[in-house]
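J.: After the structure tokens below, expect a handful of questions from me.
The values are calculated or read from the model by the stated rules, or taken from the named source; none is laboratory data. Because the structure is a prediction, the values reported are computed rather than measured. Don't worry about glycine lacking a Cβ; one is built from the backbone with ideal geometry, like all the others, and counts go over all protein chains shown. SASA here: full protein model, heavy atoms, side chains in, ligands and nucleic acids out. Shrake-Rupley method; radii C 1.70, N 1.55, O 1.52, S 1.80 Å.
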Amino acid sequence: MSTATYLYCLVQSPKEPSLRGAPTGLPGAGRPRAIDAGGRLWLVAADAPLEQYGEKPIERGLKDLAWVSSVAIPHEAIVEHLVKNGSTVVPMKLFTLFRTDESALEHVARQRKRIDRLIERIGGREEWGLRVLLDEVAALRRAREEAQAVASGAPGTAFLLRRRTMPAAARSRRARSASGCCSTPPS
């Protein structure tokens, strides 16, 4: 066997989801195609060459962030293309592979009740990602300033505020220091 079935996502749609204008997908893999799983459910898959996407090549590739990105970005592009069509899409994990289309269909059939519940829960919703960065130095400075402002009118309260916030900040700095992380925010 020289290829496996790479599964991008599941799509709930009354008709075959359009892959017209879809990105090409994974490097070296076949064009994405829709496979009818019955009951308005479609698998979006591609043939993936095992010399690139077999167990050993993936194991080696996972050690190389550039390689993982070269696969993750096209995987996500296929999912996003289908989401834009207005269908309910269940993305699969990166490197979801099956020996054949039939084995992928059998897996989905065994999980169908769980998949249907999931589709019902996420239908009509969008997923958003949010990245939050904390400038710890500025946060500590603000905490000291607040404690000093309180100190001018209520020295006991200021003392308790400092006792509560400073040890937590010190523990956070020690934990990051032990893990080799710096406190400089990424640029």
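J.: If you scan segment 40-87, which residues turn out to be among the aliphatic types (A, V, I, L, M) and part of a strand (DSSP E or B)?
T.: Those that are among the aliphatic types (A, V, I, L, M) and part of a strand (DSSP E or B): LEU41, LEU43, VAL44, ALA45, ALA46, ALA48.
J.: Of all residues being without any contact (Cβ under 8 Å) to a residue 12 or more places away in the chain and of a type in the set (Asp, Glu) in segment 51-65, which is most open to solvent (accessible area, probe 1.4 Å)? Just the residue, please.
T.: The qualifying residue most open to solvent (accessible area, probe 1.4 Å) is GLU55.
J.: Could you identify the single residue in GLY21, GLY30 that is in a loop (DSSP other than H, G, I, E, B), within 25 Å of GLU126 (Cβ to Cβ) and not hydroxyl-bearing (Ser, Thr, Tyr)?
T.: Of GLY21, GLY30, the one residue that is in a loop (DSSP other than H, G, I, E, B), within 25 Å of GLU126 (Cβ to Cβ) and not hydroxyl-bearing (Ser, Thr, Tyr) is GLY21.
J.: Looking only at segment 94-109, decide whether some residue is among the basic types (Lys, Arg) and at pLDDT 95 or above.
T.: yes
J.: With the requirement that a residue be in contact with a helix residue (DSSP H, G or I) (Cβ under 7 Å, 6 or more places away or on another chain) and surrounded by fewer than 18 Cβ atoms within 10 Å (Cβ to Cβ), what does segment 2-17 give you?
T.: Result: SER2, single match.
J.: Would you check which residues across segment 18-50 are in contact (Cβ under 8 Å) with a residue 60 or more places away in the chain and open to solvent by less than 10 Å² (accessible area, probe 1.4 Å) and list them?
T.: Correct list: LEU41, LEU43.
J.: Looking only at residues in segment 88-122 that are assigned to a loop (DSSP other than H, G, I, E, B) and open to solvent by 30 Å² or more (accessible area, probe 1.4 Å), which one is nearest to GLU16 (Cα to Cα)?
T.: Per the criteria, the residue is MET92.
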